[in-house]
Amino acid sequence: MFTAQILEIDQAIVVQCSGRLVQSEAAFQLRNAVQSHKEAKRVVLDFSELDALGGGGLGMVAFLQRWAEQNGIPLTILRPNPQTERKLKEFELRGNCRFDIERESGVMKLVGFPDRKHWVASNLAA
């Protein structure tokens, strides 16, 4: 089973993916989650809880990368497991796409906040 939960942080979205991104239904769920936030200035796909990435899921991630590029939105893949990262790198080597992969968990820096203290202060002010 695949789930995609969205966190909105300032003008960015973090899509926390868990389970198996292998079937068409899961791929479309990811696409809909990302594209429903067209106002986002940055997209982070958190793959730290993703168990498996199949061909359909890989194709959808590549589609979303191209869509983000065309719309001027940086897209980052956060903390994929080694098997998933290997699949992404192999896909890149075939010349299909270029992924921005981040291995550290600094989500706040990825979405434009220098540290957690700044993030907490900005949320308290809102």
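The values are calculated or read from the model by the stated rules, or taken from the named source; none is laboratory data. Here the structure is a predicted model, which is why all the values come from computation and not from measurement. Virtual Cβ from ideal backbone geometry, glycine too; neighbours counted across all protein chains shown.
At a glance:
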read-out: So residue 19, is it out of contact with any His (no Cβ under 6 Å at 6 or more places or on another chain), under 18 Å from residue 83 (Cβ atoms) and exposed (fewer than 13 other Cβ atoms within 10 Å of the Cβ); value: no
read-out: Whichever residue in the range 24-69 is assigned to a helix (DSSP H, G or I) and among the charged types (D, E, K, R) and, among such residues, is farthest from residue 81 (Cα to Cα); value: 69
read-out: Residue in the range 37-47 that is surrounded by fewer than 20 Cβ atoms within 10 Å (Cβ to Cβ) and either among the hydroxyl-bearing types (Ser, Thr, Tyr) or farther than 16 Å from residue 7 by Cα (or both) present; value: no
read-out: In the range 70-107, residue modelled with the lowest pLDDT [restricted to those that are hydrophobic (A, V, I, L, M, F, W, C) and assigned to a helix (DSSP H, G or I)]; value: 107
read-out: Flag for residue 56 being modelled with pLDDT under 95, surrounded by fewer than 18 Cβ atoms within 10 Å (Cβ to Cβ), closer than 24 Å to residue 25 by Cβ and in contact with a strand residue (DSSP E or B) (Cβ under 9 Å, 6 or more places away or on another chain); value: yes
